[in-house]
Each structure stands twice: as structure tokens, then as C-alpha cells.
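Colleague: Here's a structure for you.
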Amino acid sequence: MTSSSPPAKTSPNEPPKQSIFQRIIREPLLHFLLLASALFAVQGFVGSDEKELIVVDAQAQKYLFKQEENLRLRPLTKDDQQRIIETYIEEEILVREAKARGFTDSSRIRALLLQNMRFFIGSDVPEPTEEDLRTHFETNIAEFTSPPSLDLNHVMFNDPERVPDDILPSLNEAEDPSELGDLDTRLGYHMRYLDQRRLVGLFGVETAKDLLSIPVGDNTWRGPIEAPDGTLHFLRVANRNLPHTPEFETAKDWISTHWLSSKTRELLDASLDKMRQNYRIEIQPADIKTNG
């Protein structure tokens, strides 16, 4: 008959035996690894939720405001400035969203990215009915009224050496400038319906102001006027065009395009409200005078 061995006695001063789990859970290294993992997870969660920053700095604001002032030939109001800033932010959001959605073929061309994104958002706009167009025309009649404009007689020279010494007296005496011989005619002798913005774009701010301030009945030639592209021009106001609103039937294609643009704008605004939540906007203070 065999007898089992008696259980080993434990000394009163000897610590009780621990399971593997108990020993592992007490390891300082494990505590460090668990804490590090938790911090990493929290950092990853917070980092993934961090909004992308769009900064509208003071220098950009001054540049954009100056451009618009030159086109309007007047100081901007606070509302004007706010609209310009909002347009800048809108374009920044659309460009970044376009890149995020894979419009990479034109990633170096901002205008094409904006065009692609706006087309993508506005692609679900339905065709307007006749009633839609008439209502839109009547509601937005000011949008279809052309601004006041000038018709100009015009002579241009690329090379200052080719400008005759007596060009101004000759132009003022001639019934038709084409009779004067060797003149540069690439822009033609007659330029029609030049409103304020087109005048600024063609001839610069100061010349546009001078042309618009010419008294009625003054038909003398002026020049030489150096355009922003370096060409020399001689100009005379031939006619002043008053604001004009077309009939519905004659402007139907224009109204349809405007209606489509308006509906696309509505979709774009709704999409931008959602997109904007992904960004943090910072508008730096700019010390710029306004017109009230």
C-alpha cells in the first residue's frame, strides 16, 4: 500500500505563489506599454478629428481688395470686403475638396479645379420650364440690365517709334482714321459697349477714370495712352450707351444660363455649408480703410 507524500509546507515568511496572469499584470514594463498605447490611441482619435486650417492673411486681403477697388473705381465698403473674403474661403474649400475627391489631372491649375468641383456639385440641376425662366427674369431684372458703356474710336501702336509726330492733329481732322495710312488695326477702329470693368481691363485704372469723366459733347482724341500690356493707344469717345434691358424672347438663352447658374449656386451653398465643417477658418486682422 503506497502512501501519498504530504503536501509541502509553506514557511510563514514565504510569499504565496502567484499565477502567471498575476505576475504579468504587476510588471512595470507592461504598465508603461499599456499607458503608451492608450495615449497613442487617444492622440490618433483626436488627430483624425482635427480640422484643416485655412488662413486668410492680411497680405492676401489687401491684394484682393485692391484688385476689386481698381475694377469698381471706388473704395470698398465693409460688406464688399466681407464678400471678397467669403469668396476666397469658398474657393479654398472647393480646391481642397476637389483634390480630396480625385480631381488631380488639373491640380496645378486652380481655375480648372474650381470649375470641376462646381460642375460636379451642380450636375443635378433640372432643365427650367418657360414659367421658371419668366419668373427668374422678372425677379432678377437688374441682373439683365446692361451697365452704361462707351463706344470708342481707337488706334493702337506696338512700337513707339512708329507713332507719327502729328498723330493727334491728324486724328482730330480726319473723318475716318483708316484714311491716315499705316496704323495698327488689330483691335479695330471701333470698340463698342466698353463698360467700366472692360475699360479697366484694357487700359488700366487711371485711363478708365479719365474716359468716364469726359464731358458729353467732347469728341477730341486723347493719347498716347500706355495700356498695361505696353501698347500705345489713341482714343476718342464716339458714343455713350445708356443702361438697357432686353426683351424676354431675345434674351431667353441668357436667362436660361443665368437661371442654371442661380440654381447651381443654391446647391453649391448647401454643399459648402457641409464642407465648411471640415475646416478651421482663421481671418487675420488687416488695417484697411473702407467706404462705410
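Colleague: Pairs please, first residue from the stretch 163-175 and assigned by TED's automatic domain parsing to the domain that holds Arg236, second anywhere and assigned to a helix (DSSP H, G or I), Cβ atoms under 9 Å, 6+ apart in sequence or on different chains.
Modeller: Final answer for the pair search is Pro164/Ser170; Pro164/Leu180; Ile167/Leu180; Ser170/Pro177; Ser170/Leu180; Leu171/Pro177; Leu171/Leu180; Ala174/Leu180.
Colleague: Does Ala238 satisfy being assigned to a helix (DSSP H, G or I) and modelled with pLDDT under 95?
Modeller: Details: assigned to a helix (DSSP H, G or I): no; modelled with pLDDT under 95: yes.
It is false that Ala238 is assigned to a helix (DSSP H, G or I) and modelled with pLDDT under 95.
Colleague: Among the candidates Trp259, Trp254, which residue alone is in contact (Cβ under 8 Å) with a residue 60 or more places away in the chain, touching a His at 6+ places or on another chain (Cβ under 6 Å) and over 18 Å from Leu152 (Cβ atoms)?
Modeller: Values: Trp254 fails: touching a His at 6+ places or on another chain (Cβ under 6 Å).
Of Trp259, Trp254, the one residue that is in contact (Cβ under 8 Å) with a residue 60 or more places away in the chain, touching a His at 6+ places or on another chain (Cβ under 6 Å) and over 18 Å from Leu152 (Cβ atoms) is Trp259.
Colleague: Does any residue in the stretch 65-78 that is free of Cβ contacts under 8 Å to residues at least 12 places away in the same chain come within less than 9 Å, Cβ to Cβ, of a residue that is among the hydrophobic types (A, V, I, L, M, F, W, C) and not in a loop (DSSP other than H, G, I, E, B) six or more places away or on a different chain, and which pairs are these?
Modeller: What qualifies is Gln67/Ile84; Glu69/Val205.
Colleague: Next up: Out of all the residues in the stretch 117-142, which are in a helix (DSSP H, G or I), surrounded by 14 or more Cβ atoms within 10 Å (Cβ to Cβ) and within 27 Å of the chain's Cα centre (by Cα)?
Modeller: Our first condition is that a residue be in a helix (DSSP H, G or I); within the stretch 117-142, this holds for 117-124, 130-139, 141-142.
With surrounded by 14 or more Cβ atoms within 10 Å (Cβ to Cβ) added as a condition, the list becomes 117-118, 120-122, 132-134, 136-137.
Answer for the stretch 117-142, where residues must be in a helix (DSSP H, G or I), surrounded by 14 or more Cβ atoms within 10 Å (Cβ to Cβ) and within 27 Å of the chain's Cα centre (by Cα): Met117, Arg118, Phe120, Ile121, Gly122, His136, Phe137.
Colleague: For Arg192, only one of the following conditions fails: (1) surrounded by 13 or more Cβ atoms within 10 Å (Cβ to Cβ); (2) in a strand (DSSP E or B); (3) of a type in the set (Lys, Arg). What is its number?
Modeller: Just one mismatch for Arg192, condition (1).
Colleague: Would you check which residues across the stretch 260-286 are more than 16 Å from the chain's Cα centre (by Cα), among the charged types (D, E, K, R) and part of a helix (DSSP H, G or I) and list them?
Modeller: Within the stretch 260-286, Lys263, Glu266, Asp273, Lys274 qualify.
The values are calculated or read from the model by the stated rules, or taken from the named source; none is laboratory data. Treat the numbers as computed from the prediction; the structure is a model and nothing was measured. Reconstructed Cβ throughout: ideal geometry from the backbone, glycine too, with neighbour counts over all protein chains shown.
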